[in-house]
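Written out below as structure tokens is the structure these notes cover.
The values are calculated or read from the model by the stated rules, or taken from the named source; none is laboratory data. Just so we're clear, the structure is a prediction, and the values are computed from it rather than from any experiment. Neighbour counts are summed over all protein chains in view; Cβ atoms, including those assigned to glycine, are modelled from backbone coordinates with ideal geometry.
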Amino acid sequence: MSHVLCLGAVPDWLIAEVRAAGLTVLIDDPQGHEAQVTGILRRSGGVSAALMDRFPALEVISSLGVGYDMIDTEAARARGIAVGHTPDVLNEEVADLTMALLLATLRQIPQGNRYLLDGKWPGGQFPLTPSLQGRTIGMIGMGRIGSCIARRLAGFDVPVVYHSRSPRADSPLRHYPDLMEMARDVDTLIAIVPGGPETRHLIDRALLQALGPQGVVINVARGSVLDEEALIGALTKGEILAAGLDVFENEPSPDPRLFNLPNSLVTPHLGSGTVPTRHAMWELVRDNLLRWYQGEVMPAVVPGSVRRRLS
Ligand code: NDP
């Protein structure tokens, strides 16, 4: 019988549905069942080529989240293993969180909250803060989520431009093929690109310096996209104004220096983390997995993946 290995906590209702489909579910530990594992349900952790090779009959990986930088998709492709993920169902949610982080960073909402709770208001009004108004936003990435963020920003009446490898034919926004050129022209960066080697440290010291002393960086992409050492230096020296970070190089234990800077706002990878959106993501994880076993087309696979079981 086919076994499905769960990596990380998977909701009970989903485990029940997978069992009801006639599959055996293994929680985290495949010991002794390696030969029967044909599917992986991935919530967290990496899926390397070495892990795939532990399971000679592996056919399908169904992963929670749109990003797949933790999965060696090249190795999966080479082995004919299908890889499903959960794009689109989280776009609006991540865009909402991005706006919240941007506004909270600029208007210093956590600092204001602390000021009030610490009883400082009677001693004087909270200091004036930076503003979103008058800023120019440079998006790094204008894909499914980036375009939802841009749509929201249009409602805030701020100009938006973007950098990606190729321009979007359907976007009237100015495209910068050169990221450094964009950083010189804007004062606010929002990163929403995939992680992985190609985007590693796209935001580095030189880019932060190009952004300038009024610069604000919002990272909702992946921690690897931003050189945190360079960011901490730039925030400490006032080379940029502030940062709002939802993702970190070392999750779930980010560099604690980021916690104590007065001009950095950090959240624990909250992007898609609401009750309805997480449920929708898990439903897509289920559909990707079960459709594979039913010999039907998987609704959402990573680029280059097979999407239907042939036998
Ligand atoms: P898409 O694939 O739809 O969009 C990715 C965008 O990044 C495209 O505009 C793409 O354009 C651009 N891009 C890709 N590679 C590069 C590169 N090397 N240099 C410059 N631009 C690049 O992805 P989504 O919008 O669905 O998701 C984006 C990422 O957001 C995810 O991969 C994930 O890492 C992150 N994310 C974070 C969440 C959170 O909780 N904080 C939640 C969900 C997603 P082009 O190909 O033309 O370069």
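If I filter segment 230-251 for residues that are hydrophobic (A, V, I, L, M, F, W, C) and farther than 27 Å from GLN111 by Cβ, do I get at least one hit? Scanning segment 230-251, I find no residue that is hydrophobic (A, V, I, L, M, F, W, C) and farther than 27 Å from GLN111 by Cβ, so the answer is no. Of all residues in segment 207-241, those that are surrounded by fewer than 19 Cβ atoms within 10 Å (Cβ to Cβ) and either part of a loop (DSSP other than H, G, I, E, B) or among the basic types (Lys, Arg) (or both) total 6. The condition of being within 25 Å of LEU290 (Cβ to Cβ) and modelled with pLDDT of 95 or more holds for only one of THR129, THR105, THR73, THR98, that being THR73. Within segment 136-163, the set of residues being within 19 Å of ILE203 (Cα to Cα) and surrounded by fewer than 19 Cβ atoms within 10 Å (Cβ to Cβ) comprises THR136, GLY143, VAL161. Residues that are within 15 Å of the ligand (Cβ to nearest atom) and outside any loop (DSSP other than H, G, I, E, B) occur in segment 253-268; there is at least one.
Of the residues making up segment 193-203, those that are touching a Leu at 6+ places or on another chain (Cβ under 9 Å) and buried (at least 17 other Cβ atoms within 10 Å of the Cβ) are VAL193, LEU202, ILE203.
Sub-7 Å Cβ pairs linking a first residue in segment 202-222 that is assigned by TED's automatic domain parsing to the domain that holds THR129 to a second residue that is among the polar types (S, T, N, Q) and assigned to a strand (DSSP E or B), at least 6 apart or interchain, are VAL216/THR188, ordered by first then second residue. Has segment 282-300 got at least one residue that is within 12 Å of the ligand (Cβ to nearest atom) and not assigned by TED's automatic domain parsing to the domain that holds ASP96? Within segment 282-300, one or more residues are within 12 Å of the ligand (Cβ to nearest atom) and not assigned by TED's automatic domain parsing to the domain that holds ASP96.
Among the residues of segment 36-51, those that are under 24 Å from GLU296 (Cα atoms) and either surrounded by fewer than 20 Cβ atoms within 10 Å (Cβ to Cβ) or without any contact (Cβ under 8 Å) to a residue 24 or more places away in the chain (or both) comprise GLN36, ARG43. On the given criteria, is VAL247 assigned to a helix (DSSP H, G or I), among the hydrophobic types (A, V, I, L, M, F, W, C), within 16 Å of the ligand (Cβ to nearest atom) and surrounded by 18 or more Cβ atoms within 10 Å (Cβ to Cβ)? Answer is no for this residue.
With the structure loaded, tell me whether ALA221 is within 24 Å of TYR115 (Cα to Cα) and among the small types (Gly, Ala, Ser) or whether it fails that test. It is false that ALA221 is within 24 Å of TYR115 (Cα to Cα) and among the small types (Gly, Ala, Ser). Flag set for GLU296, criterion: surrounded by fewer than 15 Cβ atoms within 10 Å (Cβ to Cβ) and farther than 21 Å from THR105 by Cα.
Note on segment 191-206: among residues that are assigned to a helix (DSSP H, G or I) and either within 13 Å of the ligand (Cβ to nearest atom) or modelled with pLDDT under 95 (or both), the one that is farthest from VAL161 (Cα to Cα) is PRO197.
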